[in-house]
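Colleague: Take this structure, written in structure tokens, and hold onto it; I'll ask about it next.
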Amino acid sequence: MNSLKNFVLILGACFLVPTWCMVAQPYAAERKRQPVPYKMEEPGVRAAFDDGALKGLFYPSEFAGDRKRGELIYSREGCAQCHTQVIRPDYAGIDQFKKSWGKDQEGKEIKPTRQTVMWDYLHEDFAMLGQRRIGPDLANAGYRFEGNLAGLTKPEEIAAEKARALNDFYLYLFAPRARHEWSSSPGFRHLFVTRPKEGQGSIDALKLPANLAPAGGMEIVPSSEARALAEYVLGLKRDQPLPVSITGAQPPKESK
Amino acid sequence: MSQEDQSQPLPDVTPEDILQRAAIDRSTRLPVLFFFTSAAAWLLAATLLGLISSIKLVAPGFLGIDWLNYGRSQPAFLNALLYGWAFQAGLGVMIWMMARLCRTELKNPITLVVAGHFWNAGVAAGVTGILAGYGTAMKWLEFPSFVWPILLVSYSMIVVWLVVMFSARRKGHVFISQWYLLAACFSFPWLYLTANLFLNVFKQTGVSGPAIASWYSNNILFLWLVPVGLASAYFIIPKVVGKPIHSYPLALLAFWGLVAIAPWTGAQELIGGPLPAWIPSIAGAAQILLLVPMLAIAFNHYLTVKGSHKLVELSPSLRFTFFGSIGYVVTSVSAALLSSMTLSRYTGFSFTQDAVAMSGIYMFFTMSMFGAIYFIVPRITGCEWISGGRIRFHFWWSAYACISLCVLLLAAGFSHGAATDHWDSDMSGAITFSKGYLIGRILAWVFLAAANAVFLHHLSLMVCNRGRKAGEATLIHQPAPYDQAELVITTERAEA
């Protein structure tokens, strides 16, 4: 082994095989992965279609609108330093049973949150699994910030509730401690614009507590970056039924 | 020389040897001092960023600048520490040791200094980029995507001359340190190129992205920091103690064990993540297997120092290196523990990962590099360190602070994980329970900042040629009279 050539050859072999297995193969598998079609007769799918929760016939659906830009801002601001987007299976943690980490925000249902699978991150350049979990998990943050829509039927009521919830989200982003005194999240003031109020003011203007409120005649509104980020975070809804071809679950037999 | 000769005492030093060593030291003087000085400056900058980011986690409103939000200052700190300090200190040590061990003079110091300037510019641009909000979310690869070609090219420009030196080495025995240095020459370009090609060029990595980033970061730890730190330890310990490595075949076996097993590790950080289960499983198993080479190395180091433990007290180089060797054991054991699926329930995605990173980068690597710098700088500047008191201050404050840093991060991680492990708890419990430890971490960073400021000042004086011009080597303590005789014998050998 005392020659440079032999050393490099052995070293190369030592590196090459694991690089193939741990890097290239998972990447190739990811690139080959395609959205999976739902079949209408699958369990849970019919109801979800009626809910309007499933937008397309495939899982996952494409990133629409500003979500891609929101993802970029999420990574630039370092959100993934403190927030994960993973629901681990029960052998690795309690994530599936955490209150408000899934679709059901109240923790009333016995049904656990679905664990995250590879398809959940299909349209992302880099899945934001996150480095630490200092803040709550955001795998299903979309349900948390869409508001309490249960029981609302009129379109204007739903729109008003969604606008209220969105404003809540902006408030979180602007001054986290205005909501939770113990929060260790930073405020992202550079994502907001302070400007003179025109007429009745913007519908998106932050409803701030007195100690944070801007001077009279001024309002604080989210910048386009904050809007993109909101679109991304509100789109994080991974607690959806999966097509049978992913889960391998058999549809229940028809009762006679 | 065959391997059997290793068990013989070191051969006597001839006058030609001394002249040749002086010539080698002169040839490496410029690049090595350049890398050490800029590394020490980056270390102080990184320490201050670490201080800011640890304050920001407890008091998010601190300083009121959004550029310093935890999400930016934390990656800026870690990348400054890694690419600014660790890599440059490592490169300085690599250049000098490779030249000394190959017994060849460095032919082109200017090329290395130019490449070093590019490296520094790349790191500065990267850290500023992260703070300005152009970073990425990839672990230890947070620099904006334009930075990586600069770093890769300048690193390759430097190490290619080390490989040239190796192939032009004086024929004969190859020391274990040389294999480690050579492995480090090749491993960084391999890891960095692979990770950046997939993450920054091919893109659309989906869930394979975090797996690749974890593979990269863990391997930077075990295939770059560990080889360079161990090369330095395998060099410094025999030199100062005046004995060859206890068992050379064991050292070689441990080297190949490390190189063969380490590239499989990394993805165990994502236990329970949305990956095929075999990826974290194999990675975790490999991480635990790495305990075997670690034990062989630690045993070898221990047996080499055995009987000369008095020197650990006196010699600055050996004291720091010895501490670093213990840090290597701590890093390997804690990394193996965190690969356990049972513990991952509490440790997954928590501060415990930071504890492993800090014990690897600081407790092991940084302390080993301090030891090497205390050994190398007097030889290439031709003057001795100014005061043993400052070295003592540097050692104790660094040692105390980096031990408490790792312990506090582990405790914060476990308490955070345990507090989150209840179905209807929000994050308030987790944040309140870990707060005390995180405040303690701020204090540790204050201590490290003081220690590193003293170190930078001491090193700058040496570089500016204001060290002690003559006399005995600077020791941490003045030895008691009855130790003198023993010490004279060993330091004469140490001059080798």
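Colleague: Tell me, which residue of the stretch B:248-291 that is under 25 Å from A:Phe7 (Cβ atoms) and out of contact with any helix residue (DSSP H, G or I) (no Cβ under 6 Å at 6 or more places or on another chain) is surrounded by the fewest Cβ atoms within 10 Å (Cβ to Cβ)?
Modeller: So the residue we want is B:Pro249.
Colleague: Find all pairs meeting these conditions: Cβ atoms under 7 angstrom apart; at least six residues apart or on different chains; first residue within the stretch A:114-126 and under 17 Å from A:Glu71 (Cα atoms) and more than 7 Å from chain B (Cβ to nearest Cβ); second residue aromatic (Phe, Trp, Tyr) and surrounded by fewer than 21 Cβ atoms within 10 Å (Cβ to Cβ).
Modeller: Hits for this filter: A:His123/A:Phe63.
Colleague: Evaluate the following for A:Asp90: is it surrounded by fewer than 24 Cβ atoms within 10 Å (Cβ to Cβ) and in contact with an Asp or Glu (Cβ under 8 Å, 6 or more places away or on another chain)?
Modeller: Taking the combined requirement at face value, the residue does not satisfy it.
Colleague: Then there is this: Could you give every pair whose Cβ atoms fall below 9 Å, whose first residue belongs to the stretch A:140-159 and is among the polar types (S, T, N, Q), and whose second residue is not in a loop (DSSP other than H, G, I, E, B), counting only separations of at least 6 or pairs across chains?
Modeller: Filtered contacts from the stretch A:140-159: A:Asn148/A:Glu161; A:Asn148/A:Ala165.
Colleague: Here's another thing I want to ask about it. For the stretch A:187-206: of the residues being at pLDDT below 85 and in contact with a strand residue (DSSP E or B) (Cβ under 7 Å, 6 or more places away or on another chain), which is farthest from the other protein chains (Cβ to nearest Cβ)?
Modeller: Filtering first and then ranking leaves A:Gly201.
Colleague: Could you tell me which of the residues B:Ala195, B:Ala115 is among the small types (Gly, Ala, Ser) and facing another protein chain (nearest Cβ under 9 Å)?
Modeller: B:Ala195
Colleague: Is there a residue being assigned to a loop (DSSP other than H, G, I, E, B), modelled with pLDDT under 90 and either among the β-branched types (Val, Ile, Thr) or closer than 30 Å to B:Glu384 by Cα (or both) anywhere in the stretch B:311-332?
Modeller: The answer is yes; a qualifying residue exists.
Colleague: Go through the stretch B:23-77 and report how many residues are polar (S, T, N, Q) and either away from chain A (no Cβ under 14 Å) or surrounded by fewer than 21 Cβ atoms within 10 Å (Cβ to Cβ) (or both).
Modeller: 5
Colleague: Here's another thing I want to ask about it. Among the candidates B:Ser344, B:Ser308, B:Ser368, which residue alone is farther than 23 Å from A:Arg133 by Cβ and surrounded by 23 or more Cβ atoms within 10 Å (Cβ to Cβ)?
Modeller: Of the residues listed, the single one that is farther than 23 Å from A:Arg133 by Cβ and surrounded by 23 or more Cβ atoms within 10 Å (Cβ to Cβ) is B:Ser368.
Colleague: I would also like to ask the following. Kindly check whether there is at least one residue in the stretch B:302-309 that is over 30 Å from B:His477 (Cα atoms) and outside any loop (DSSP other than H, G, I, E, B).
Modeller: no
Colleague: Considering only the stretch B:334-362, how many residues are within 19 Å of B:Ala412 (Cβ to Cβ), more than 14 Å from every other protein chain (Cβ to nearest Cβ) and of a type outside the set (Ser, Thr, Tyr)?
Modeller: Summing the residues that are within 19 Å of B:Ala412 (Cβ to Cβ), more than 14 Å from every other protein chain (Cβ to nearest Cβ) and of a type outside the set (Ser, Thr, Tyr) in the stretch B:334-362 gives 4.
Colleague: Right, something else. Among the residues of the stretch B:421-434, count how many are within 8 Å of chain A (Cβ to nearest Cβ) and either in a helix (DSSP H, G or I) or under 22 Å from B:Phe77 (Cα atoms) (or both).
Modeller: Counting residues in the stretch B:421-434 that are within 8 Å of chain A (Cβ to nearest Cβ) and either in a helix (DSSP H, G or I) or under 22 Å from B:Phe77 (Cα atoms) (or both) gives 5.
Colleague: Okay, next question. Name, by its number, the condition in (1) more than 7 Å from every other protein chain (Cβ to nearest Cβ); (2) touching a residue at least 40 places away in the same chain (Cβ under 8 Å); (3) among the aromatic types (Phe, Trp, Tyr) that does not hold for A:Trp101.
Modeller: (2)
Colleague: Hey, another quick one. Against the conditions (1) under 25 Å from B:Phe320 (Cβ atoms); (2) within 10 Å of chain A (Cβ to nearest Cβ), where does B:Gly266 fall short? Just the number, please.
Modeller: (1)
Colleague: When both residues are 6+ apart or on different chains and their Cβ atoms are under 7 Å apart, which pairs have a first residue that lies in the stretch B:244-260 and is more than 14 Å from chain A (Cβ to nearest Cβ), and a second that is not in a helix (DSSP H, G or I)?
Modeller: Partner pairs satisfying both residue conditions: B:Pro244/B:Leu10.
Colleague: Please verify whether B:Val240 is touching a helix residue (DSSP H, G or I) at 6+ places or on another chain (Cβ under 9 Å), within 17 Å of B:Asn300 (Cβ to Cβ) and either in a helix (DSSP H, G or I) or among the small types (Gly, Ala, Ser) (or both), treating the condition exactly as stated.
Modeller: Considered against the rule, which asks whether it is touching a helix residue (DSSP H, G or I) at 6+ places or on another chain (Cβ under 9 Å), within 17 Å of B:Asn300 (Cβ to Cβ) and either in a helix (DSSP H, G or I) or among the small types (Gly, Ala, Ser) (or both), B:Val240 comes out as yes.
Colleague: Continuing with this model, one more query. Just checking, does the stretch B:83-97 include any residue being within 10 Å of another protein chain (Cβ to nearest Cβ) and under 23 Å from the mean Cα position of the chain (by Cα)?
Modeller: no
The values are calculated or read from the model by the stated rules, or taken from the named source; none is laboratory data. Note that the structure is a prediction, hence the values are computed from the model and not measured. A quick note on method: Cβ atoms are made from the backbone with ideal geometry, for glycine too, and the neighbour counts reach across all protein chains shown.
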